[in-house]
Amino acid sequence: MNVLVIGNGGREHAILTALAKSPKVGKLYCMKGNAGTAQIAENVNVDYMNINAVKEYAAAHPEIDYYVVAPDDPLAMGLVDALEEMGKRCFGPRKNAAIIEASKAFSKNLMKKYGIPTAESETFESYDKALEYVRKKGAPIVLKADGLALGKGVLVCDTLKQAEEGLKEIMLDKAFGSAGSKIVIEERMNGLKYTPGEEVSVLTFTDGKTIVPMITSCDHKRAHDGDKGLNTGGMGTFSPCPFWTPELEKEVMDTIIVPTMNAMNSEGRTFKGCLYFGLMRTDKGMKVVEYNSRFGDPETQVVLPMLKTDLMEIFEAVTDERLSEVKIEWESGACVCVVLASGGYPLGYAKGKEITIGNVGDCSIIHAGTAIKDGKLVTNGGRVLDVVARGVDIDDARRKAYAAVANINWENMQYRTDIGIKYRKG
C-alpha cells in the first residue's frame with residue numbers, strides 16, 4: 001500500500017520510520033514533512049490545515065491507499081471525516097471523537113459524568129468569575145486553556161500571584177489565542193508523599209471495541225533541567241516508566257482506559273485511532289491529567305522503536321474494527337529521546353541555523369523542525385532534532401543518547417541534560 005502521513009514534526013518522522021519497516025507498505029508520502037521525512041518519503045507541499053486543499057490532492061492521487069492523520073489540529077477540524085467521506089481509508093479519530101483533546105472542558109465533563117478519576121475542576125468563560133474562583137481556592141492551582149495550544153496551554157501556579165497573572169495571560173492577553181476563551185481551573189494533584197505526582201503517558205490503540213495499551217513512557221514538559229522553566233511541547237522522553245507495574249496497569253485499565261472507551265461510545269463519539277492518556281500517580285490512586293486524540297510528541301519517538309508488531313497491520317485492524325485479532329508485542333530493554341531545540345524555545349527563536357551531525361553511533365536522528373536551504377541542513381522550528389537511543393535499560397540508552405548529542409551542533413542549540421533520570425528508585 002502507498003501511505004500518506006499528515007504532519008511535519010518528529011512524531012510524523014517516527015511514524016514513517018516505523019511504517020517503512022512494514023512489508024505491507026509500498027511508497028510513503030508526508031504532508032508537508034521536513035528534511036528528515038524527505039529521506040524516506042515523498043514530501044507533499046500542501047497545507048494540511050486547508051481541508052479542501054487536502055481533498056483536492058487526495059482526489060488527484062488515487063494511487064494513495066491509506067492516510068494517517070497525526071497532528072491534533074486537523075483531527076479537531078474534521079480531516080478524517082472529510083477523507084472518509086471520499087472513500088479513503090484513514091487512521092485517526094473523527095471530529096466528534098477528537099474533541100476529547102480539542103476541548104478540555106468536554107473531557108473534564110466526560111470524566112465527571114462517567115466517574116473516571118481526575119483532578120477536581122471547574123470551567124469558566126468569564127474572567128471575573130474565574131478570578132473570583134482562583135482567589136477562593138488559592139494556590140497551588142492549575143490553569144488550562146480549553147482549546148489546543150501546541151501542548152503549552154497549561155500553567156502550574158505555585159502562588160496566588162502566579163495564578164492571577166496566568167489567568168490574565170490566558171483569558172485577557174490571549175497568549176494561546178482562542179484556546180483561552182474558556183478555561184479549566186483544577187486542583188494540583190499530590191503525589192504519594194504530598195509532592196507533585198509522578199506522571200506517565202499511556203498511548204493506546206483502539207478501534208472503539210478493543211483498546212490495547214502501548215508500552216509506557218514519561219515526558220519532560222519543562223524547558224530546563226530539574227523541570228524548571230516554561231511548559232513546552234516536550235523536551236525528551238524515556239520508556240518504559242520505572243514505577244509502572246502489572247498491578248498499576250490493571251488499575252488503570254479497569255478505572256480509566258476501558259471506561260473512557262465505553263464513555264465515548266455511550267456519547268455517540270466512538271474513538272478509533274490512538275487515544276493517549278496522560279496519567280498521574282497520586283495519594284488517591286491513578287488519575288487522568290489529560291487526554292490526547294493522537295500519538296504524543298515526543299512519546300512516539302520512544303514507543304514505536306519498541307514495537308515488534310507491524311504498525312501497518314495495527315493501523316488496518318483499527319480501521320476495520322478487528323483490533324482484537326492482532327497480537328501486539330514489544331521489544332525488551334528501554335528507549336530514550338533527547339530533544340534538541342533552538343535557543344529561546346518555547347519563546348522566540350531564530351531559524352536557518354546550519355546543523356552539523358557527526359558520529360551518532362547506533363542512535364536514530366528523528367527530524368522535527370528542519371529544512372534544506374542552499375543544499376545545507378538548517379533549523380526550521382523550535383524543536384529541531386530528536387536523538388533516540390535504545391539500550392538494555394534506561395541508563396544504557398541515556399548514555400548512548402547523550403554521547404550522540406555531543407556530536408551534533410548548531411548556533412544556540414539547547415537541550416536538557418537530565419532526560420531519563422526522574423522517578424528512578426533510590
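What follows is calculated from the coordinates using simple rules that are stated; it is not laboratory data. None of these values were measured; they are calculated from a predicted model. Note that we place each Cβ from the backbone using ideal geometry, even for glycine, and neighbour counts take in every protein chain shown.
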Label of the coordinate-derived value, volume of the Cα convex hull per residue in Å³, listed as (1) 212; (2) 156; (3) 141: (3)
Listed pairs LYS129/LYS174; LYS174/LYS287; LYS161/LYS422; LYS168/LYS287; LYS112/LYS144 exceeding 20 Å between Cα atoms: LYS174/LYS287; LYS161/LYS422; LYS168/LYS287
Karplus 3J(HN,Hα) series, Hz, for the stretch 307-313 with 6.51 cos²θ - 1.76 cosθ + 1.60 (x for Gly, Pro): 7, 7, 6, 4, 4, 5, 4
Residue pairs, from the table LYS104/LYS308; LYS24/LYS327; LYS55/LYS108; LYS272/LYS308, whose Cα atoms sit over 27 Å apart: LYS104/LYS308; LYS55/LYS108
Reachable lysines from LYS27, criterion Cα separation under 19 angstrom, eight or more residues apart if same chain: LYS88
Estimated inter-spin distance, THR417 and GLU329, nm [label 7 Å along Cα→Cβ]: 4.1
In Hz, Karplus ³J(HN,Hα) per residue of the stretch 336-349 (6.51, -1.76, 1.60; θ = phi - 60°; x = Gly, Pro): 10, 10, 10, 8, 9, 10, 6, x, x, 4, x, 8, x, 8
Placed amide H near LEU307: partners under 5 Å, 5+ positions off or other chain: GLU331
Derived scalar couplings ³J(HN,Hα) [the stretch 97-110; Karplus, 6.51 cos²θ - 1.76 cosθ + 1.60; whole Hz; x for Gly, Pro]: 9, 5, 4, 4, 9, 5, 9, 5, 5, 4, 5, 5, 5, 4
Trypsin sites (Lys or Arg not before Pro) restricted to DSSP loop in the stretch 358-390 with at most 13 other C-beta within 10 Å: none
FRET efficiency for ARG135 and LYS21, using Cβ-Cβ distance with R0 set to 45 Å, rounded to 0.05: 0.25
Label-to-label distance, nm, for residues given as ALA60 and ASN359 (7 Å Cα→Cβ offset): 4.7
Burial ranking of peptide ranges 141-152, 280-291, 233-244 (average Cβ count within 10 Å, highest at the top): 233-244, 141-152, 280-291
Helix-derived mean residue ellipticity, 222 nm - over the chain, DSSP H n ≥ 4, -39500 (n - 2.57), to 500: -7500 deg cm²/dmol
Stretchable slack from VAL392 to ASN43, in nm (0.36 nm times residue separation minus alpha-carbon distance): 122.2 nm
Amide H partners (placed H, <5 Å) of VAL5, local residues excluded: TYR29, CYS30, MET31, VAL68
The stretch 120-187: relative contact order as a whole-number percent, Cα under 8 Å and 6+ apart: 47
Candidate lysines - alpha carbon under 16 Å from LYS376, same-chain residues fewer than 8 apart omitted: LYS351, LYS353
Sequence-distant residues sharing a close amide H with THR118 (under 5 Å, placed H): VAL288
Estimated distance in nm for a label pair at GLN162 and SER178, the labels positioned 7 Å out from Cα along Cα-to-Cβ: 3.1
